[in-house]
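Enquirer: Submitted below is the structure of interest, expressed as structure tokens.
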Amino acid sequence: MPRRSLIALLTAGALAGLAGAAAAAPNILLISVDTLRADRLSSYGYNRDTSPRIDALLARGVRFSRARTVEPLTAPALASMLTSLPPHEHGSTRNGLRVRDNLTSFSKILGLRGYETAAFVGNWTLQDRISGLAEHFETYESILNRRRWFGLVRSEASASDLNEIALDWLDDHLDDKPGKPFLLWVHYVEPHAPYRLHPAVMGQLGLQGTTDATGARNRYDSEVAFVDLHIGRLLDEVAERVPMTDTVVVFVADHGESLGEHGYWGHGRHLYDATLWIPMGLVWEGTLEPAVRDEPALITDLAPTLMSVAGLEPPEFFQGLDWLPVLRGEAEFPEGRVTWYQAHRGAVTGKPEDGVRPRTRGLLEVGRIEGEVKEILRVTNDRRWLFDLAADPSETDSKVPITSGPSPELAAWLEKVRDGLALADDLPPPSLSEDDLDALRDLGYID
């Protein structure tokens, strides 16, 4: 049976048996931040005080020190977070390409099991008509009410806007349906490029009066500190409304950002750790002991883990790891875990050729990590790199010639990805407006 048909069959079967009420399930507050490098947070070793509120949150729960996204692009990564499927299976491999209809996600299942579900997102690429993610929530709103950089960049939300709207929804939920658990997802767009300098945090970062405060890396840091401030305000407001012992807080980034490493600024087109490595944490006060987990984790692990948090069995076709039994000491972490990655062109452009095999044509790189060994293959020219991450975390010293060809394992992964992309290419072609194209260009996804 083709993988596409198998996923549809399993989805229908999984959802058919899941209607019913949730029993004593905790609330879930899912906080995600766009384009946030792990190593730009103080809790991950950064020497600037960029993230006091995020650090304090992660200190109260489980922080994953080696978490990675499966693809360093917003819509594909967050679709993988929700569905626990890799991009070549859920279909959203590039910004502007929607996920398949009628997929199973942890949010959709929680909605069937008695949760009230809502998502408030601030990135242009996450609008439902572009991403197809609204069917996974009862309430799904794209907040695009401001323009950055003096009106020169397309609309998006600021962190304060998202907080206000999300908290209004929470107040209505608590008034109308007291006692009913909620899943509330808030996705902040800062620190996505073009980075903005926030004067209110310059003193905190030691930038007051410096001559290079407006440099790109400093602006990026000020964006991190700005979103950290507003995440802290959101957490404070939620804590005033619901008991935090009854609320699980998840923190994650969709991907990182290359700040000039390997001669590259941005994200999406390469599989270096500057864009793959993400902060990720799970806080359940009174239930999960604070800890730092150094084993490899993926953004796709969140869906099965949050299913378990809600007292539900994750579907077998979820491909992430259910961490809850491991964190509770009821199961061992699976030794020898190998993790797999893919990179695609940033966005479709709306040109006629985008309607012809846009997913297959967009594939740029595939990769795998086993232990401390990372292998990357550039599929457009068959160049290969092999890095020892323990000895060479900057990924500058490949252990093999670039013309050596992929390992059998990576070659098999490439074949699997290409097969999935070919199946997904029969989905309807993208339809983007001129405003969409301008916004994707402003965000750096179209050259």
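The values are calculated or read from the model by the stated rules, or taken from the named source; none is laboratory data. Fair warning: this is a prediction, and the values are worked out from it, not measured in the lab. Cβ atoms come from the backbone with ideal geometry, glycine included; neighbour counts cover every protein chain shown. SASA here: full protein model, heavy atoms, side chains in, ligands and nucleic acids out. Shrake-Rupley method; radii C 1.70, N 1.55, O 1.52, S 1.80 Å.
Enquirer: Cut-off under 26 Å on the C-alpha distance; same-chain residues fewer than 8 positions from Lys399 excluded. Which lysines are left, in chain and number order?
Expert: In chain and number order, the partners are Lys374, Lys416.
Enquirer: OK, next. Sorted from largest down, give the three principal axis spans of the alpha carbons of the range 298-344, whole angstrom values.
Expert: 35, 22, 15
Enquirer: Something else: Give the aspartates and glutamates reachable from Lys108 as a straight Cα distance under 20 Å; neighbours fewer than 8 places away on the same chain don't count.
Expert: Glu89, Glu116, Asp128, Glu135, Glu138, Glu141, Asp254, Asp301, Glu313, Glu316, Asp322
Enquirer: Leaving ligands, DNA and RNA out of it, work out the accessible area of Tyr195 with a 1.4 Å probe and give it in Å² to the nearest 10.
Expert: Surface open to solvent at Tyr195 totals about 10 Å².
Enquirer: By average Cβ neighbour count within 10 Å, what is the ranking of 220-228, 400-408, 106-114 from highest down?
Expert: 220-228, 106-114, 400-408
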